[in-house]
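Below is one structure, written out as structure tokens; the observations come after it.
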Amino acid sequence: MAVLIIVVVVVFLIIMMKTARIVRPWQRGVVELLGRYTRTVNPGLRIIVPMFEKLRKVDMREQVVDVPPQEVITKDNVVVTVDAIVYYEITDPVKVLYNIANFYIAVIKLAQTNLRNVVGDLQLDESLTSRDSINTQLRMILDQATDKWGIKVTRVELQRIEPPPDVTEAMHRQMKAERIRRAVILEAEGIKQSEILQAEGHKRSAILTSEGKAEAIKRVAEADKYEKLTVASGEAQAIDIVYAAIHNGNPTPDLVAIKYLEALRGMADGEATTIFIPYESAATLGSIGAIKELFQTGKGKQELQGLEGM
């Protein structure tokens, strides 16, 4: 009797273990009744009918597929080694179970095929500098192709694009030559700019020097002009004063004749042997004969003394 109870208890425990199933938070459960899909269950404790129902769990977390390296021929006939990583997540557990036999292998093969197509349409230089474009284009292609499998491709990342060693060496030499060329161009541009600045400096210096000289000449000319105007103005004023004094003094012809003779005497005191007498002086000399008569009178002597006093 005791053995029977133990057997019953063991059978009950086995049935309970088959009946109560736990679905984790990152899982979804697909329930089949006699091999036919009936429902999808969410995380938690789920009860199924043993022997008749079967619960298949599907991991809904994001998965990573490492695409193996492969050789791809670019558009310019260069063989490069390319590999990538594909990130995906399951959106429909029913489709991933019933629409594809092995979605892991299917994703790898699909990624390899489309990777050859995408990289094969690019030149080598474009493939090396267009990683983001390749990633985006490949993700869109894979996402569209895997939609019927209940899979969403979230990201595709190229790990490496390696050309052959000889091409890599040639690229290194080309890059070095390009850097040397840029350095030479920059140095030449610097020398050119320096010479231009020096020429501009010399030009500016010459202009300022010329402007300074012109300003100095202008000021000297203005000073000479002012000096001459001042002297001429003084001489004009002196002439006016002398002329006014002569007219105000009302000189007699005799006095004018005497002053004229004094001027001739001063001219004769020089080293010149020839004296030119203006034609207009003939009338003045005509009055010299009258001077003798003036000296003989007392009035003439007084005037003579007055002139000598002057």
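In order along the range 175-181, the phi-based Karplus estimate (6.51 cos²θ - 1.76 cosθ + 1.60, θ = phi - 60°) of 3J(HN,Hα) comes to 5, 5, 4, 5, 5, 5, 4 Hz; Gly and Pro are listed as x.
By the beta-carbon count within 10 Å of each Cβ, the least crowded to most crowded order of V49, V31, fewest first, is V49, V31. Rounded to 0.05, the FRET efficiency of the V10 and M51 pair, given R0 = 22 Å and the Cβ-Cβ distance, is 0.85. Each principal axis of the Cα cloud of the range 2-59 was taken in turn, and the coordinate range along them, longest first, works out to 43, 25, 13 Å.
With θ taken as phi - 60° and the Karplus curve 6.51 cos²θ - 1.76 cosθ + 1.60 applied, the whole-hertz 3J(HN,Hα) list for the range 222-231 is 5, 5, 4, 4, 5, 5, 5, 4, 5, 5 Hz, x standing for glycine and proline.
Which stretch or stretches of the range 70-110 have amide N atoms under 11 Å from the point lying 7 Å from Q137's Cα along the Cα→Cβ direction? Counting only backbone N, you get 75. The Rg/Rh ratio of the range 63-163, with both radii computed over alpha carbons and Rh defined as the Kirkwood radius, is 1.01.
At full extension, R39 and L197 could sit 48.5 nm farther apart than now, given 0.36 nm per residue minus the alpha carbon distance.
Model label points for K18 and L229, set 7 angstrom from Cα along the Cα-to-Cβ axis, are 13.3 nm apart.
Restricting the range 1-80 to trypsin sites (Lys or Arg not before Pro) that sit in a DSSP loop and have at most 15 other Cβ atoms within 10 Å of their own Cβ leaves R61, K75. Between L122 and K75, the built amide H atoms are under 5 Å apart, and every one of these is 5 or more places off in sequence or on another chain.
Report relative contact order for the range 2-59 in percent, whole number only (criteria: Cα-Cα under 8 Å, sequence separation at least 6). It would help to have the intermediate numbers written out before the result.
Working: 90 pairs, mean separation 20.8, N = 58.
Contact order relative to length: 36 percent.
Over the C-alpha atoms of the range 133-202, the Rg to Rh ratio, Rh being the Kirkwood estimate, stands at 1.45.
List D125, D83 from most exposed to least, where exposure is judged by having the fewest other Cβ atoms within 10 Å.
Placing the least packed residue first, the sequence is D125, D83.
Annotation for T129 and D66: the two label points, set 7 Å from Cα along the Cα-Cβ direction, are 3.2 nm apart. Note on V3 and N248: their simple-model spin labels are 17.6 nm apart, each label 7 Å out from Cα toward Cβ. The phi-based Karplus calculation (6.51 cos²θ - 1.76 cosθ + 1.60; θ = phi - 60°) puts the 3J(HN,Hα) values of the range 99-105 at 9, 9, 6, 9, 5, 5, 5 Hz, whole numbers, x for Gly and Pro.
When the GluC sites (Glu not before Pro) in the range 27-124 are filtered for DSSP coil states and for at most 13 other beta-carbon atoms within 10 Å of their beta-carbon, the remaining sites are E62.
Using 0.36 nm per residue, how much length does the chain from V184 to R116 gain when fully extended, once their Cα-Cα distance is taken away?
Separation in residues times 0.36 nm, less the Cα-Cα distance, equals 20.5 nm.
Taking the Cα centre of the range 18-161 as the origin, how large is its charge dipole in debye, to the nearest 20, when only Lys and Arg (+1) and Asp and Glu (-1) carry charge on their Cβ atoms?
Roughly 1180 debye, rounded to the nearest 20.
Here, each number is a calculation from the coordinates, and none is a lab measurement. Every value quoted in this text rests on a predicted model; they were computed, and no experiment measured them. Backbone-built Cβ (ideal geometry, glycine too); neighbour counts: all protein chains shown.
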